[in-house]
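Derivation of every value follows stated rules applied to the coordinates shown; laboratory data play no part. On a predicted model such as this, the values are computed, not experimentally measured, just so you know. Cβ coordinates were reconstructed from backbone atoms using ideal geometry, including for glycine residues, and neighbour counts include every protein chain displayed.
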Amino acid sequence: MAIRKIREIGDGTLAKVCKEVTEMTPRIEQLIDDMLDTMYEANGVGLAASQVGILKRIVVIDTTGDEPYVMINPRLLETSGEQTGYEACLSVPGKTGVVTRPNYVKVRALDRDMKPFELEATELLARAICHEVEHLDGHLYVERVEGDLKNVEDVEEE
Ligand code: NI
């Protein structure tokens with residue numbers, strides 16, 4: 001278990017498309033453990049492997065603080081509805097901006113045993129899944145921000 005360095009906006013790795021994972025290996029097990037540690041240490045609700053410099057389709061998400069999801073090769077099967085709200089990213093420190101996302105998603109992924117599962121999610125979890133899956137295709141939420149990207153402390157004062 002180790003904390004990995006989080007790549008920040010401007011780092012070319014964040015703009016690359018990640019590759020599918022075809023088999024679980026000890027290195028990938030270690031990567032997943034490190035991603036969870038890194039996410040929790042940074043008080044984040046999600047982290048994609050590309051954010052720690054590894055171009056594999058792996059994300060970890062925990063919007064509640066006690067229920068981490070590990071999603072390998074995640075794919076959105078369905079989306080519906082709409083939610084508009086502030087979003088942030090560990091790769092864009094200190095910033096936040098308003099993004100509209102689906103309010104419901106159904107995702108299919110592999111768990112850390114490479115077993116397929118499906119998950120239905122709404123609200124914050126749905127938002128986090130959309131945000132993290134986009135990282136795997138080289139996109140950051142700042143590309144979708146409505147209006148200006150703001151400083152977190154300015155928004156907290158609002
Ligand atoms: Ni992010």
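Give me the distance in nm between label points sitting 7 Å out from Cα along the Cα-to-Cβ direction at Glu23 and Thr84, one decimal.
About 4.9 nm, to one decimal.
For the chain, what does the helix formula give at 222 nm: sum of -39500 (n - 2.57) over DSSP H segments with n ≥ 4, over the residue count, nearest 500 deg cm²/dmol?
-7000 deg cm²/dmol
Per residue, how big is the convex hull around the C-alpha atoms of the chain? Give it to me in cubic angstrom, could you?
With only Cα atoms used, the chain gives 108 Å³ per residue.
Lysines near Lys5 by alpha-carbon distance under 22 Å, same-chain residues fewer than 8 away left out - which ones?
Qualifying lysines at Cα under 22 Å: Lys16, Lys19, Lys56, Lys95.
For the range 44-53, just list the computed ³J(HN,Hα) in residue order, Karplus coefficients 6.51, -1.76 and 1.60, θ = phi - 60°, integers in Hz, with x standing in for Gly and Pro.
For the range 44-53, the Karplus-derived couplings read x, 9, x, 7, 9, 4, 4, 5, 10, x Hz, x marking Gly and Pro.
Putting +1 on Lys and Arg Cβ atoms and -1 on Asp and Glu Cβ atoms, find which of His135, Val107, Thr122 reaches farthest to the positive end of the dipole of the range 102-158.
Highest projection toward the positive end goes to Val107.
Taking 7 Å along the Cα-to-C-beta vector as the label spot, tell me the Lys16-Asp37 distance in nanometres, rounded to one decimal.
Between Lys16 and Asp37, the label points sit 2.3 nm apart.
Could you name the aspartates and glutamates in cross-link range of Lys106, using Cα to Cα under 16 Å and dropping any fewer than eight places away on the same chain?
Lys106 reaches Glu78, Glu82, Glu118, Glu120, Glu123, Glu132, Glu134.
Whole percent per 10 Å bin, from 0 to the bin with the longest distance: what is P(r) over all C-alpha pairs of the range 62-109?
21, 39, 40, 1
For Arg144 and Asp66 in one chain, what is 0.36 nm times their gap in residues minus the Cα-Cα distance, to one decimal in nm? Please report the intermediate quantities before stating the final value.
Numbers: separation 78, 0.36 × 78 = 28.08 nm, distance 2.88 nm.
Stretched fully, the Arg144-Asp66 segment lengthens by 25.2 nm.
Using +1 at the C-beta of Lys and Arg and -1 at the C-beta of Asp and Glu, which of Pro68, Val52, Thr25 has the Cα lying farthest in the positive direction of the dipole of the chain?
Sorting the options by dipole projection puts first Thr25.
To the nearest 20 debye, what is the magnitude of the charge dipole of the range 20-94 about its Cα centre, counting +1 on the Cβ of each Lys and Arg and -1 on the Cβ of each Asp and Glu?
The dipole of the range 20-94 has a size of about 300 debye.
Which semi-axes, in whole Å and largest first, does the equivalent ellipsoid of the range 10-74 have when worked out from the alpha carbon gyration tensor as the square roots of 5 times its eigenvalues?
18, 15, 10
For the chain, with the dipole built from +1 on Lys and Arg beta-carbon atoms and -1 on Asp and Glu ones, taken about the Cα centre, which of Leu149, Leu36, Leu77 lies farthest toward the positive end?
Positive-most Cα among the choices belongs to Leu77.
Based on the mean of other beta carbon atoms within 10 Å per residue, what is the order of 116-129, 22-35, most packed first?
Going by the mean number of other Cβ atoms within 10 Å, highest first, we get 116-129, 22-35.
Relative contact order for the chain using alpha-carbon pairs under 8 Å, separation at least 6, rounded to a whole percent?
Normalised by residue count, the contact order of the chain is 25 percent.
Highest mean first, what order results for 52-58, 4-10 on Cβ atoms within 10 Å? Display every interim value, and only then the final one.
Working: 52-58: 19.9, 4-10: 14.4.
Highest-to-lowest ranking by the protection proxy: 52-58, 4-10.
So what's the Cα pair-distance distribution over the range 96-158, bin width 5 Å, in %?
Distribution as computed: 4, 15, 20, 21, 19, 10, 6, 4, 2 percent.
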